[in-house]
1. If amide H atoms are built 1.01 Å from N in the plane of the peptide, which residues on other chains or at least 5 residues away come under 5 Å of the amide H of B:Val91?
2. How far apart, in nanometres, would the label points at A:Leu26 and B:Glu70 be if each is projected 7 angstrom from Cα along the Cα-to-Cβ direction?
3. If the chain between A:Thr110 and A:Val361 were fully stretched, how many nm would it gain, using 0.36 nm times the residue separation less the Cα-Cα distance?
4. Shielding of B:75-84 by partners, i.e. mean partner chain Cβ atoms within 10 Å per residue?
5. Ignoring ligands and nucleic acids, what accessible area does A:Asp203 show with a 1.4 Å probe (Å², nearest 10)?
6. Return the lysines within reach of B:Lys123: Cα separation strictly under 26 angstrom, same-chain partners fewer than 8 residues apart disregarded; answer none if there are no such residues.
7. Take chain A, connect every pair of alpha-carbon atoms lying under 10 Å apart with a spring to form a Gaussian network, then pick out the residue of A:Glu318, A:Glu104, A:Glu190 with the largest mean-square fluctuation.
8. State the Cα centre-to-centre distance between the stretch A:203-244 and the stretch B:8-32 in whole Å.
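The values are calculated or read from the model by the stated rules, or taken from the named source; none is laboratory data. Only a predicted model underlies this, so the values are computations on that prediction, with no experimental measurement involved. Quick reminder, even Gly has a Cβ in these numbers, built from the backbone with ideal geometry, and neighbours come from all protein chains shown. All accessible areas refer to the heavy atoms of the entire protein, side chains included, with ligands and DNA or RNA removed. Shrake-Rupley method; radii C 1.70, N 1.55, O 1.52, S 1.80 Å.
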Amino acid sequence: MNALASLRVALTALRINALRSALAMLGVIIGVASVIVLVSISEGTKQAVEAQIASFGANLLIIRPGSSMFGGRRGGAGSADPMTDGDVVAIRTEIAGLAGVSGEVSASTTLVFGGINWTSRIQGVNPDYFSARGWVIAEGRAFSGAEDVSGRRYVVVGQTIVQELFDGASPLGQAIRIGGQPFEVIGTLERKGETSWGQDQDDVVFAPLSTVRQRFGAGMSATVRDAVSTIYADIAPGESTSRVIADIEDLLRIRREIQPGAEDDFAVGSLAEFIRARNETESQLGLLLAVGAGIVLLVGGIGIMNIMLVSVTERTREIGLRLAVGARRADVRNQFLIESIVLCVIGGLAGLVVGVGGTLVYAEVGQLDIVIDPVIVAIAIGASAFVGVFFGLYPAHRASRLNPIDALRFE
Amino acid sequence: MSALIECRDLVKTYEMGDQVVHALNGVSLDIEAGEYVAIMGTSGSGKSTLMNLLGALDQPTSGELRIAGEDVRALGPDAVSRFRNRTIGFVFQQFNLLPRTSALENAALPLIYSGLPHAERVKRSMARLQQVGLGERTDHHPAQLSGGQQQRVAIARALVNDPKILLADEPTGALDTKTSADIMAIFDQLNREGITVILVTHEQEVADHARRQIVFRDGVIVEDRS
Ligand SMILES: Nc1ncnc2c1ncn2[C@@H]1O[C@H](COP(=O)(O)OP(=O)(O)OP(=O)(O)O)[C@@H](O)[C@H]1O
Ligand SMILES: [Mg+2]
């Protein structure tokens, strides 16, 4: 008997017992659907987070006074000595493998242009800041190192500022008053959009660090005149993150005179490491999902096996008849095996439809990103076919081993 | 030339725990091509056991059996399946049709295992259904057919592969007298066309259709008259 005839026989048998076939598929349908929904959502979330991190600067190190930065505790940030320009220069000159280093200070202020007032923060940074944080100049230019040192009143603004103050027109060369002082706009930045928690990343105004310090008193206290709140260091491509972190830590321990054995009073955080740690939980979650999917498919497979065993018993006389009129053992085995595979693959396809539908509904309702990976879809269908073979084999084998006379006489 | 069916000292025993049942106890029998044979005997005398051996559905415990020149005992399970497919047509007391399957598909069943293409299967089974008088009801399911009509479908199925031998174990056992006569008329016609017909029956009127009657008792032939 050829494969097509076998398939026809199997489909006929499934059609005859349509309701039972549908019930038998249920486990496989639910298994495949839930795998697709879970994986699509977790994949979507993962990509959204990665996009977010990339927009923040993926190779970025963040250096701050106080202890741990990404843990729950961020104790003593205020109590420890601040970072200073001297630290920025030391890191820039003494640490190998960095693409750029920048300090940052900031002050809350009001921007005025024409008749419009806009409350925002002005951030004082070094020129390296833009590339380190993944900012791209849209129009004009960033300020130079010399302009930074000499404290020029230049600003580079984000798209929200362009919209709010200039109504979308080019602001290059325009003078805006910031905290009552005139600043010239020399560049604009490309849009970054909102963070996933809804913060507008384009409501930014950047000026040279020394300018912001002098004009707004940011980072100045009675004792320290050249503090920065944060130092950003951009690791050059191909450099070892852990090596660079260790070098910076060694340097800062010396500069801050920390005794051997004493704890750091500063923290060097790596976004790349943060991502890696995150990916680890992500892949553990993926493993958990895979295990869950495996269990659901296993249960589905046992359901299939049960139905196939019932089917073989119920159709014992049919098997006897088929053997009597010329079916070989392999024909009978293939018939039931194909039935089981068809059952599972139809179940898998139905699960695919339900899963993709469910995912789309979830994305629509929850306003979430989803990614339907064709590889996952292929794996889901492949896995259901495998379940069909694996759990169909025993019932099919049993059917093929029946003795025609006993089978024909079976009541 | 040797006979179509040759049995020599056929013995078939069944062991049920410590009890041994001698279903056939040394049966020797020749049946020529084209014969019309009725097998009779009391219940449990071994008629069905012999039919199973003649149909190559079962193997004898001892003795020799040649069917259409083939030593059935020497064939493996797949070869014996193919042998049945080509040589033997079966008609059962309980019809044994596939439920919820059309008369046409039921009649075509053996052809699936002969590896014939679909169109050829339809053509041949159609012709056989016509021959047994069911040309109008080829798409009916067994549940939509009377007992006599179901047995006709079963006969069409038995004939569809042009077998040399037609084996029918109590083919009229589940039918009323009138319907039995119709079915027997079909067997008569088939035998006239040259098919060897061997049937088991408890009824003398049915047996009288055959030209040779063999009577069994306790696993042996006690009468063989033509
Ligand atoms: N599979 C089996 N296992 C054990 N004993 C069997 C088996 N098949 C048949 N027998 C026994 O063999 C003997 C002959 O049985 P068989 O079916 O050939 O009788 P029969 O002549 O066809 O009877 P009936 O007219 O009732 O159909 C009986 O005693 C029966 O119980
Ligand atoms: Mg019997």
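1. B:Leu167, B:Ala168, B:Asp169
2. 4.7
3. The A:Thr110-A:Val361 span can extend by a further 86.0 nm.
4. Across the residues of B:75-84, the mean count of other-chain Cβ atoms within 10 Å is 4.
5. 40
6. B:Lys164
7. Result: A:Glu318 has the largest fluctuation of those listed.
8. Taking the Cα centre of each part, the stretch A:203-244 and the stretch B:8-32 sit 104 Å apart.
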